[in-house]
1. Any chance the range B:694-707 includes a residue that's within 29 Å of B:P585 (Cα to Cα), at pLDDT 95 or above and under 32 Å from the mean Cα position of the chain (by Cα)?
2. Mind counting the residues in the range B:348-371 that are aromatic (F, W, Y) and more than 20 Å from B:Q415 (Cα to Cα)?
3. Can you work out which of the residues in the range B:214-254 that are under 30 Å from B:E94 (Cβ atoms) and either of a type in the set (A, V, I, L, M) or surrounded by 21 or more Cβ atoms within 10 Å (Cβ to Cβ) (or both) is nearest to the chain's Cα centre (by Cα)?
4. Which of the residues belonging to the range B:688-732 are farther than 19 Å from B:T657 by Cα and in contact with an Asp or Glu (Cβ under 6 Å, 6 or more places away or on another chain)?
5. Look through B:G804, B:G774 and report the one residue that is over 39 Å from the mean Cα position of the chain (by Cα), without any contact (Cβ under 8 Å) to a residue 12 or more places away in the chain and in the same structural domain as B:A826 (by TED's automatic domain parsing).
6. So in the range A:280-299, with the set limited to residues that are assigned to a loop (DSSP other than H, G, I, E, B) and either of a type in the set (V, I, T) or in contact (Cβ under 8 Å) with a residue 40 or more places away in the chain (or both), which one is nearest to the other protein chains (Cβ to nearest Cβ)?
7. Among the residues of the range B:719-747, write down those that are closer than 17 Å to B:E708 by Cα and outside any helix (DSSP H, G or I).
8. Specify the residue that is nearest to the other protein chains (Cβ to nearest Cβ); the eligible residues are those in the range A:39-85 that are within 18 Å of the chain's Cα centre (by Cα) and either outside any strand (DSSP E or B) or among the aromatic types (F, W, Y) (or both).
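The values are calculated or read from the model by the stated rules, or taken from the named source; none is laboratory data. Keep in mind it's a predicted model, so treat the numbers as computed, not measured. No Cβ is skipped: glycine too gets one built from the backbone with ideal geometry, and neighbour counts run over all protein chains shown.
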Amino acid sequence: MPDSSRYRITHRTHYRYSEPVAICQNQVMMIPRELPRVRCQRTEVKISPTPGQSSAHVDYFGNPVQSFAIDMAHRELSVVVTSEVAVIATQFPPADQTAPWELVRDAVTSGSDPNWFAVEEFRYGSPLVTSGGAFADYASASFPDGVPILKAGFDLTRRIHKEFRYDVNATKVETTAEEALRLRAGVCQDFAHIQIACFRSLGLPARYVSGYLRTLPPPGKPRLVGADQSHAWVSLYAGQQLGWVDFDPTNACLVSTDHVPISVGRDYYDVAPMRGVVLGGGTPALTVSVDVVPVVESP
Amino acid sequence: MSTTKTHESAPFAAYRSAPGHYDECFAADGKPRKAFVPLVTHINGMGRESLETLVTEGAALARESGITYNALEDEGELTRPWELAFTPLAIPVEDWRHLEAGLRQRTRLLEAVLDDLLGPQRLLRERIFPPELILRNPEFLRPYHGLPRVGGARLHVVATDLARAPDGHWRVIGDRTRAPSGLGYLVENRIITSRAYPDLIHRSNVYRIASFFMRLRQMFETLSPRASANPRVAILTPGQKSYRYFEDTFLARYLGYTLVQGRDLAVRGGVLNLKTLGGLVPVDVLWRHISDDQCDPLELKPDAIEGVTGLVQAARSGNVSIANGLGSKLAQSPALLPFFPAASRFLFGEELQLATVETHWCGQPDALRLVLEGLDRFVFRSAFAVRGDRLIRPTLMSAEARQEFIASLREQPYQFVAQELVDRSTTPVWRDGKMEPWFVALRSFQIQANGAVEVLPGGLVRVSPTTQGIENPHGSTQLGQDCWVMADEPVDQTSTLLPSPHVPLRFVRGGAELPSRVAENLFWLGRYSERAESIARVLRTTMVRLVGEQSVANLPEMPRLIAALAAIGQIEPDYAVKELRKALPSLDDALPESLYTIDQQRGLSPTVAALTDKAMAVRDRISLDAYRIVQQIGQELAAPVRIRGRADTRTAINRLTRLISGLLAFSGIGQESFTRTLGWRFLQLGRRIERAWQTAEVLRATLVETDERQVLEAVLEATDSIMTYRSRYLLRLEADATIDLLVTDETNPRSIRFQLERITEVLEPLPVEPDEVGVPYERRLAFDLLHRVRMAQPALLAKAESSGRRVAFDHLLEILTEGLPELSNAITARYLIHTLPSQALTGQL
């Protein structure tokens, strides 16, 4: 596995409306933020038609947000975000040598962990993730007393992958963790919500990561344009030494250089890639395509 | 008459204060406290009878001023008249100075706490507040973190709820930091009470409240983000269904601000604008009375309909000043109360001067233990939300409910605060011929401007004879009371909100700044009032004949009148068909009954209800007199006393007559007291279109078939034109003269032509698109109808074919009954539908 990978990411969002839109006001959260293992080298946001007004700010969780408004009548809206990022591979100690999970929890609770305040936010319920007894029950099988935190985290990730059905029709964007737990089905967003709720129900800080997953073409076949995906996974705070460690319950795999994060928040509600309110528009038709293309370093 | 009354007739003679409570009026030795002496002397001097008269007259005044409040915040329908106790609460200035200093400090603290929580969060990092208290508080809305302050503050208007404990000290129960309500009621209390004691209030050195409102207005002006001598301030109200609505309309009128709802506003180019008939005009300062989570569907809940898309971004860029600042609701979470003393020490190095009632946030294990051990000492509230503010009182619960409550307390302790119930002070209230001690709740108001806090001298006082009543801010067993802070020396006499004489007044004429929503409401106000009058007249004309000396069967006009009533939607269409009528209840029953039923959608009762509703929606635009008349009109159709299960015809006729008088008075006010602004034009358009349409419908039902003179007479009566006719033609009733008078006569204010002439005049100056070429569609429609009526010849219209039908007349009336609704739609399309439906796309990714 390489130490780091560079990608050019193109995220195209296209709306076609059955009726003209008089005005639209939008917010885009597709600009990759800086994280310890992510460097964003360049970002460009192209919007068509050209917005009459636009502005940028950084949100409460540190994510870059671009706001824009178009106040001329239009029937199509296209937002293309192109970024170049470098993702650094993470090195973890063997999972069974990590600290018992209770130690991590207690250090945060007592404030002896110097990062406690930065992670405190992610220990409580959030708009789509209300923690409750059902999650603690589900998580307990992976979290016996004294088990090393990464071992427990991987176990939980594998169980969610195995015991929940991946089903794009089972849930919607506003589905809560509780509903998804009841359905035992959903998409990456729901799997992430469930795992977050499990961690939080034990008093561990956990946050939601939205980003991209690079897909590898079958051997010998060319890469298909637009074949990659928006994706979401989980980040668990594993103590002062390890910091935030990412798990992907949808694929039951380690999060490494194939995963490119964009934004982090408490749950999907905080990091929806695009929000918008339009006047008119009739029935909108949405198409989204993502390309994550490796950039080959010139020697 | 002697001014000395016997001891027994003195209202205070039999007053006994309640043991265990501080009495505001009488000290422990039974003597009135100094601040109350002038009041007690005055009222005792009046005697019981005069006091009774004063109370009765005052109550009538309060009722007439139309003050209402919602008994239950969540159930908008339950509006009740605001009632007043006519013995003010008097507070001596020494007491007040102490309280005032405490409130100043508290307001500074609330500001500092909120500014920290929406900024660096030192209170959490240093664990002065348990971080969980804020981080899991649903009122901590992340988009509001880091927004700039406005005029150096986030809290511009703050209220604090207070109770006086048996030791004579005031204690804080809670605060209101989002959009404190009560200022409007407080002004009304003062106005009404001043009228009840005009001399006394002047003699007794009572601090005036008007200067506070002048400061409030100055504050809003200084908040404007742009240098402007005349910033536009708007009050953003949640709307007619809200408990706030009465007060918002009152404040808008009292302070001279525009009252707006979310859909009147739009953010364009990052700037907040008011949508008016003349286009968009920028809003500088928004006094926000909607909930924090409703402010912007883009950044908060996508289904937030009370707010404006893009408002948060406009605030973030500093293009609009919003008061109180977005996110201010967080500071009023009851769960913060126990931590304020520590916050004060941390932020200011000061002790809190004003004590809070013993309060515990159950989210802390120690607090929970203490609370569970002494459960009966406490009442419980939601830790984070103030809305509704229902008190949970374990002492009043059944054993089962109590166990359930304890279980939920153990399961989610962080959701609750426990608060000790104060033995509140009492004050004398005159009720049912007795002076009795009632419990007192005081809400104080503070404003922050230019770094200083100003406290309103007095406050909103509620009194209730029961604990249950006083602890529930929306309870039904309570009265309002004026609060007099009594100075030792004469006070500043400012008593009105006249502008400062130093500022030269800029003369203005009401112009295009009419929100489209208001224009729409005025248009329909005009239409409904005219519709109600038209129906009432035809109905009265018909019912008078029912109780006449002649048998109905011998009256040739009856079938025509019935057909007219069916045509205008007052009764079932089947009544107009002879064969079908037999199956229906007799007219003697059906007609009086039709006044009160809501079965016919366009009938009288639904029309009057809609009229009252529209008047309510434009309360800030019509005079108090006009509103009062509309209220009375509404009361005429309240369910009547029934005789042997039947609604009485004579009663119905009398009610219709009063209803017609009321409607005439209302339209008179519209003519004589309404400035000729755009708003007036829409009221007129509504009226004229409806009157022309109703008249055309009635004529089509009655005069298309040839007729006898009784029919002509009935039609002239139903259209209020019989007097004019008689003065012209005496007793000679002819169809052509009747048609002339009702259709083509440009001098008869009841004729169709008269309406169309006015419609074209009123339409002329309305704004159109600057690049629009030619005559706009609605004007062409109006001119076309007017032209046809002008060209019509009454003699030809009156001429019948051999079939007995007046075909030409029928044709003209058909064009009118179809063209007038079309005209109404065209006006609506151009001016009144100002937005397309908007949709949130957030959920579709």
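1. yes
2. 1
3. B:L216
4. B:E690, B:V704, B:Q710, B:V711
5. Numbers: B:G804 fails: without any contact (Cβ under 8 Å) to a residue 12 or more places away in the chain.
Exactly one of B:G804, B:G774 is over 39 Å from the mean Cα position of the chain (by Cα), without any contact (Cβ under 8 Å) to a residue 12 or more places away in the chain and in the same structural domain as B:A826 (by TED's automatic domain parsing), namely B:G774.
6. First pass over the range A:280-299, keeping only residues assigned to a loop (DSSP other than H, G, I, E, B): A:281-283, A:295-299.
Subset that is either of a type in the set (V, I, T) or in contact (Cβ under 8 Å) with a residue 40 or more places away in the chain (or both): A:281-283, A:295-297.
Numbers: A:G281: 6, A:G282: 9, A:T283: 10, A:V295: 27, A:V296: 31, A:E297: 33 Å.
Checking each candidate, the answer is A:G281.
7. Result: B:L730, B:L731, B:R732, B:L733, B:E734.
8. Among them, the one singled out is A:Y60.
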